[in-house]
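**Q** Below you'll find the structure I mean.
The values are calculated or read from the model by the stated rules, or taken from the named source; none is laboratory data. In this text, all values refer to a predicted model and were calculated from it rather than measured experimentally. Backbone-built Cβ (ideal geometry, glycine too); neighbour counts: all protein chains shown.
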Protein chains: 2
Amino acid sequence: MKRTIFLFVFTAITLLSNAQSWIWYPGDYEIWLGNQMNNRRTERGAFFPPFWKMDSHYVLVEFSKKIDLAVAEEIEIAIEGKFNIKLDGKLQFGMPHKFTLPAGKHSLNIKVWNQSTPPAIYVKGKTVNSDESWKVTYEDKEWIDESGKASDTSATIYMDAATSNQFKSTGTPPSSFKLATEPISVVKREKKNEGELFDFEKETFGFIQLKGLKGNGEMHIYYGESPEEALDTKYCETLDRIRLEGSTVTDEALDVTSKLTDIFTLGNSKAFRYVYITKDAGVEMQDVSMLYEYKPEVKRGSFRCNNEEVNKMWEVGAYTMQLTTREFFIDGIKRDRWVWSGDAIQSYLMNYYLFFDTETVKNNIWLLRGKDPVTSHTNTIMDYTFYWFLSIYDYYKFTGDTHFIEQVYPRMQTMMDYVLGRTNKNGMVEGQTGDWVFVDWADGYMDKHGELSYEQILFCKSLETMSICAKLVNNNGDKTKYDSLSTSLRNKLEPAFWNETKQALVHNRLNGKQKDAVTRYANMFAVFFNYLSPEKQQIIKKSVLLNDSIMKISTPYMRFYELEALCAMGEQKAVMKEMKDYWGGMIREGATTFWEKYNPSDKGTQHLAMYGRPYGKSLCHAWGASPIYLLGKYYLGIQPVKAGYSEFSITPNLGGLAWMEGTVPTPAGEIKLYINNKTIKVRASQGKGYINFSSKSKPKTNIGQIEKLHGTDYRLLINTKEEVSINYSIKN
Amino acid sequence: MKRTIFLFVFTAITLLSNAQSWIWYPGDYEIWLGNQMNNRRTERGAFFPPFWKMDSHYVLVEFSKKIDLAVAEEIEIAIEGKFNIKLDGKLQFGMPHKFTLPAGKHSLNIKVWNQSTPPAIYVKGKTVNSDESWKVTYEDKEWIDESGKASDTSATIYMDAATSNQFKSTGTPPSSFKLATEPISVVKREKKNEGELFDFEKETFGFIQLKGLKGNGEMHIYYGESPEEALDTKYCETLDRIRLEGSTVTDEALDVTSKLTDIFTLGNSKAFRYVYITKDAGVEMQDVSMLYEYKPEVKRGSFRCNNEEVNKMWEVGAYTMQLTTREFFIDGIKRDRWVWSGDAIQSYLMNYYLFFDTETVKNNIWLLRGKDPVTSHTNTIMDYTFYWFLSIYDYYKFTGDTHFIEQVYPRMQTMMDYVLGRTNKNGMVEGQTGDWVFVDWADGYMDKHGELSYEQILFCKSLETMSICAKLVNNNGDKTKYDSLSTSLRNKLEPAFWNETKQALVHNRLNGKQKDAVTRYANMFAVFFNYLSPEKQQIIKKSVLLNDSIMKISTPYMRFYELEALCAMGEQKAVMKEMKDYWGGMIREGATTFWEKYNPSDKGTQHLAMYGRPYGKSLCHAWGASPIYLLGKYYLGIQPVKAGYSEFSITPNLGGLAWMEGTVPTPAGEIKLYINNKTIKVRASQGKGYINFSSKSKPKTNIGQIEKLHGTDYRLLINTKEEVSINYSIKN
């Protein structure tokens, strides 16, 4: 099984480099597809688009390629849009489907206009094929003067064309993208009040199908993640209405009428476990089923251990990820169905330990950035802007893909210009009117005014990310600039926010004065960003992280970082207990996917309410799936040390488990680990790196030389594709 | 006739303020329509879009209105796009066509997504109607927090909705815009070589129609502004090809196949006077005609005089304007069919003396500016950026429309930011790679390097325009800033470019050193911008403007300003002679519309060549029509003194003619003038102002009191709608 996947990955890479594919302007497919997706969100039958600027693709794009042919060659051409072809500057008649390129050196240019979907081209020849080696621009600036001389286009900005393995034949242009579907039957049905309740037995997503519709009148469909929600026709979050009139049926939310056939499929997919259906007396219906709508993903990561509760946690997390990984990584499937930067960065991290679907990560990053000019923070949220920067460094670390950094870097610059244009006289960020300072959904008052320590820490890390990326794209001027900015801000953090009395970073500073409150946010980020001395980190662990008098975090979103901070300080045992309480708690409440927010002290339907609405909470929320990440990174203990896992580190920590085993995917392979209290087995099909462990006795291995470090600490360099076994005896 | 027009104008204004109309985000309709138009340009059957960035409309727009109803009211709703309706923050189910607004105070919001055409809405109720009082935004920034509380949207940028008299019923949304058409027969046909030449007897524009097509095979259609061009199948600028296959016909340039009917109409309209048609032996065709495609315009301006050559010049100018006034004011109808800023500002000025079609002026200004970010000069041309600024002040002066200035001002700011971001250490502009420093098509070498005096003068005037507009929109900070920038630059102009030896402004300065060449451009602009002392202006007249050793101007484009400068100095007699030589010369060469460029010394087909192509020159070019403007502004002598003609001035100058009469349109009326050497008659239906004239004898009038000024100069205040007569005796 694992070997199959391994081969699959290499095959895909080979195809990409050798064969033709649809190509387009980088980011434009994502922006277009994002608009399609964002506009499928509904609230009680009303279309519900975002409140931030929706961008658009460049409507006119020029694709170009320098060719050098030994013999003349005919190319097939497929285009999404109205187009022209220019050979060596000479326009050719019409919009041909085939064109013969003469032998020799030539310039081939194809210019495409498309208002509705991204201009895209597909060229297939013996040697000339559309791929990432083509150049694209939205503005060629090529004019001719009175004498017919062409202008100097050396200042024109060309990018490498973007492509994807999904669109490799003429018949599947990028605008044809659709998620996969699969018919699924209902599991239980039951008459309730004046209607009928249908149960699909777990949270799911898709198009409701109605079989054997007949008659005249209205039918109402109420969706619920819980039976309470589906049955509450006044307050359930999503619903549909259809109208039967003899041989026609109208999907009323979409205002679409069609001819009635045996199975009628609703036009918009929804998230639900339950649907409750009521209908006028004149309407008949035989059965309900659904078309499950999903993104085909391969679970390349895995985790098993002796504790079934933990295994279940991983499985529910993986299913939560499967449901929220759609056109993009979205937050929750019922309500928002949008791409949110703070949510997305966590999805990416979980994804690196589950699907390793790097294409969807890139798609999200392009979409979240959108086009210039920047007119607001990402999703309007200040912290989400910073997560956008951070996610790019994460992406680089896990994939080693510098080409993507080169492509996206210009948009990083303009995004950072926006941020820098809004700093105060201390060089810090403060929320201005129209900026959403989010931090977290908290069960208590949280001050959003002035300089929040949490925001400055994220800002500082974003500036460091700019510096790293500037270096990757060989922009020395930028590197110097961002180094200077990040150092300056970093040096201000402790003086501004550290409070000796509280032995912690305070939450914020207003008009230069520290406020009283201490929250977990800045403190936990300061820990795992290593922004404080090891001594201060230990102090914070006691004074904040393990201090119950500090306001508790009740979202999986911030629990992600809280538990990550604790894991980073070796508290895997304590975190295991937390995971069993918190994620285990949701499962004991009947969760089939993880929730947006969970407060163990809530009872019954209290768990369903949020945003002042009885069913406002999302019961399938990506940020709920963090056990996937924690178990992979801090228990299996596998992570990249150099970009793209060319070097990795393995620091397993059983955290109280008797044994565990799992797989962590890498760009072109995987790392497999098994560990109990006597044996460790590792097989890494890509890269090399150290495994670090402690042993009471002197450990032995079948391959290589174990090095002794301090005390009972050892390490062994893994630099083979063979399975490496270690015999040791666990310390503790 | 004149009275009818007068009433028509008032009716239109009344309708606009009282009735519902389609509304959209300002500028978006223009950008969308501009893309449609720019993509109809072809070159020898190839689609030929611009080389600059094509922008797009905002795809998601929120329309809102605060309402206060005495009684409940049902509204009809028509929308271009997918939409939702929110009443007092509450989303309503589906996408209803009718909706009942309850009595009382409410907020009504409609949010529309449309990827292909601009989001637009049409609301019709008893009192609630879609009009310019609605607000629009592309980014409402309205989110809700955990408790359900909505965000503070006070920083959200709302604009007034845009509308137009053209789109006043549900059935005519903005995306339905089409030019008018009218069938026209061919005048002459003649067998030539292997084909047939058809002559429509004057330059025209439209869709060729082929009657009685039969058979199988290809037919080639070659368009020509001259018979030489149409007959030159290898080099004519535009052509079409159709293929007949039994019952179907394929328009090959557009790759569109349709069923063959009695009359086949080509899919793209073209400019031509002649078409030459060749066909395969298997193809039959009975007749050729055309669908003339045009924008319905009313000639509100007029001019007649004793000299038929001058009358003809005005008529040919007016027809040139009619053909080039299309979706927008375009440059030439055969080749470019694009909107060019330098050409457009002249079209606007001619238009103020002909159609007074202010809506098309606004459309052009929005389209030429496009969206942020600014990534190049307007049309990539540095001088064209400056003309864009200047055209806004002209628009204000002729119309008095401050609302438009308010709407467009934010885009003026970002355009000027772009310019200021590219100035050198002297605060001057220099062409950088990718900037087109155009100036003019010249018959000789023109240096484009370093600081061109011409560009600095236009830049300075643009900064002054920013200051004026900042004042109009009550932005005092900006006013101070632009005053300071323009004063600083103005003070540098003479020290930098005036050359005592040459008694003129030199053409350019390179690395701080004046170059030798003197051209007419900066000198003539300095004259009519009054940037030099009256003494220096007189010097320039002699040393440059009337000096034959300075490189002659051979485009009507720059002749426009050259002759304007001479007229501004009272040289109407000399200019009349120039007009007769130059525009008269084109007419004597057989022109039915005015040309892009004319050099009287060229012979025969030399007149047709440009850009290194034998028929590259446009024979119907808007900038050729300047006699319209010169005759109205400097002979009839009528122009606004205060914005929108609330005050005007009339300074007639017969320039050697025995008599002339004419009408100049104003926003809500007209000014009519007749003059010969003894009598002046004026009737102004709007505004008031002085008529200035000289008389050897003491003049008399029927209304008012003539004031004597210096010497033989007099003036009379016109402050009546009645006809005012003056008896005088002309001074020569």
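**Q** For residues in the stretch A:65-97 being of a type in the set (A, V, I, L, M) and loosely packed, with under 12 Cβ neighbours inside 10 Å, which is nearest to A:LYS111 (Cα to Cα)?
**A** Within the stretch A:65-97, the match that is nearest to A:LYS111 (Cα to Cα) is A:ALA72.
**Q** Does A:LEU354 satisfy the condition of being over 30 Å from B:THR156 (Cα atoms) and either free of Cβ contacts under 8 Å to residues at least 24 places away in the same chain or in contact with a helix residue (DSSP H, G or I) (Cβ under 6 Å, 6 or more places away or on another chain) (or both)?
**A** When the stated conditions are applied, A:LEU354 passes them.
For every residue, the table says whether it meets (1) within 11 Å of chain B (Cβ to nearest Cβ); (2) crowded, with 20+ Cβ neighbours inside 10 Å; (3) free of Cβ contacts under 8 Å to residues at least 24 places away in the same chain; (4) outside any helix (DSSP H, G or I).
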{"site": "A:GLY427", "(1), (2), (3), (4)": "no, no, no, yes"}
{"site": "A:GLN432", "(1), (2), (3), (4)": "yes, no, yes, yes"}
{"site": "A:TRP441", "(1), (2), (3), (4)": "yes, no, no, yes"}
{"site": "A:LEU458", "(1), (2), (3), (4)": "no, yes, no, no"}
{"site": "A:LEU463", "(1), (2), (3), (4)": "no, yes, no, no"}
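**Q** Considering the stretch A:323-358 alone, what residues qualify as being within 15 Å of A:LYS397 (Cα to Cα) and either assigned by TED's automatic domain parsing to the domain that holds A:TYR223 or among the charged types (D, E, K, R) (or both)?
**A** A:ASP357
**Q** To continue, here is another question. Which members of the stretch A:133-161 meet the condition of being buried (at least 19 other Cβ atoms within 10 Å of the Cβ), among the hydroxyl-bearing types (Ser, Thr, Tyr) and closer than 23 Å to B:ASP440 by Cβ?
**A** Within the stretch A:133-161, A:SER151 is the sole residue that qualifies.
**Q** Taking B:THR380 as the residue in question, decide whether it is within 19 Å of the chain's Cα centre (by Cα) and among the hydroxyl-bearing types (Ser, Thr, Tyr).
**A** yes
**Q** Just give me the residues in the stretch B:170-193 being surrounded by 14 or more Cβ atoms within 10 Å (Cβ to Cβ) and under 23 Å from B:LYS295 (Cα atoms), in sequence order.
**A** Within the stretch B:170-193, B:THR170, B:THR172, B:PRO173, B:PRO174, B:SER175, B:PHE177, B:LEU179, B:THR181, B:ILE184, B:VAL186 qualify.
**Q** Looking for whichever is closer than 30 Å to B:ASP55 by Cα, surrounded by fewer than 22 Cβ atoms within 10 Å (Cβ to Cβ) and either touching a residue at least 40 places away in the same chain (Cβ under 8 Å) or within 8 Å of chain A (Cβ to nearest Cβ) (or both) here; the options are B:SER107, B:SER164, B:SER130. Which one fits?
**A** B:SER164 is the lone residue from the list that is closer than 30 Å to B:ASP55 by Cα, surrounded by fewer than 22 Cβ atoms within 10 Å (Cβ to Cβ) and either touching a residue at least 40 places away in the same chain (Cβ under 8 Å) or within 8 Å of chain A (Cβ to nearest Cβ) (or both).
**Q** Being in contact with a helix residue (DSSP H, G or I) (Cβ under 9 Å, 6 or more places away or on another chain), among the charged types (D, E, K, R) and more than 14 Å from every other protein chain (Cβ to nearest Cβ) is the filter; apply it to the stretch B:603-642 and report the residue that is nearest to B:LEU566 (Cα to Cα).
**A** Among them, the one singled out is B:LYS633.
**Q** Would you check if B:PHE47 is out of contact with any strand residue (DSSP E or B) (no Cβ under 7 Å at 6 or more places or on another chain) and facing chain A (nearest Cβ under 7 Å)?
**A** no
**Q** Across the stretch B:370-382, what is the number of residues that are buried (at least 24 other Cβ atoms within 10 Å of the Cβ) and assigned to a helix (DSSP H, G or I)?
**A** 3
**Q** Within the stretch A:551-584, track down each residue that is surrounded by fewer than 20 Cβ atoms within 10 Å (Cβ to Cβ) and among the aliphatic types (A, V, I, L, M).
**A** A:MET551, A:ALA568, A:MET569, A:ALA574
**Q** Could I ask something else about it? Tell me, yes or no, whether the stretch B:386-409 has at least one residue that is at positive phi and either in contact with a strand residue (DSSP E or B) (Cβ under 9 Å, 6 or more places away or on another chain) or surrounded by fewer than 20 Cβ atoms within 10 Å (Cβ to Cβ) (or both).
**A** Yes: one or more hits.
**Q** Based on what the data block shows, is B:ALA684 surrounded by fewer than 22 Cβ atoms within 10 Å (Cβ to Cβ) and farther than 18 Å from B:GLY570 by Cβ?
**A** When the stated conditions are applied, B:ALA684 does not pass them.
**Q** If you don't mind, there's one more thing I want to ask. Among B:ASN491, B:ASN530, which is out of contact with any Cys (no Cβ under 8 Å at 6 or more places or on another chain), within 27 Å of B:GLN413 (Cα to Cα) and not in a helix (DSSP H, G or I)?
**A** After ruling out the rest, the residue left standing is B:ASN530.
**Q** Could you check the stretch A:709-721 and list, in sequence order, the residues that are surrounded by 13 or more Cβ atoms within 10 Å (Cβ to Cβ) and under 33 Å from the mean Cα position of the chain (by Cα)?
**A** A:LEU717, A:ILE718, A:ASN719, A:THR720
**Q** For the stretch B:61-86, give me the residue count where each residue is of a type outside the set (Phe, Trp, Tyr) and within 11 Å of another protein chain (Cβ to nearest Cβ).
**A** 8
**Q** What number of residues within the stretch A:589-636 are free of Cβ contacts under 8 Å to residues at least 24 places away in the same chain and buried (at least 20 other Cβ atoms within 10 Å of the Cβ)?
**A** Matching residues across the stretch A:589-636 total 2.
**Q** Anything in the stretch B:357-390 that is of a type in the set (Ser, Thr, Tyr), out of contact with any Gly (no Cβ under 8 Å at 6 or more places or on another chain) and facing another protein chain (nearest Cβ under 9 Å)? List them, or say none.
**A** Across the stretch B:357-390, the qualifying residue is only B:THR375.
**Q** Say whether the condition of being away from chain A (no Cβ under 14 Å), aromatic (Phe, Trp, Tyr), out of contact with any strand residue (DSSP E or B) (no Cβ under 7 Å at 6 or more places or on another chain) and closer than 23 Å to B:THR42 by Cα is met by at least one residue in the stretch B:328-346.
**A** yes
**Q** Only residues in the stretch B:136-155 that are at pLDDT below 85 count as the first member; pair them with residues that are surrounded by 17 or more Cβ atoms within 10 Å (Cβ to Cβ) and assigned to a strand (DSSP E or B), Cβ under 7 angstrom, at least 6 apart or cross-chain, and list the lot.
**A** What qualifies is B:GLU146/A:MET610.
**Q** Continuing with this model, one more query. Could you check the stretch B:175-231 for strands (runs of 3 or more DSSP E) lying wholly inside it with 1 or more residues that are touching a Ser or Thr at 6+ places or on another chain (Cβ under 8 Å) and at pLDDT below 95?
**A** So the answer is none; nothing clears 1.
**Q** Counting just the residues of the stretch B:232-241 that are of a type in the set (D, E, K, R) and outside any loop (DSSP other than H, G, I, E, B), which one comes out surrounded by the fewest Cβ atoms within 10 Å (Cβ to Cβ)?
**A** My answer is B:ARG241.
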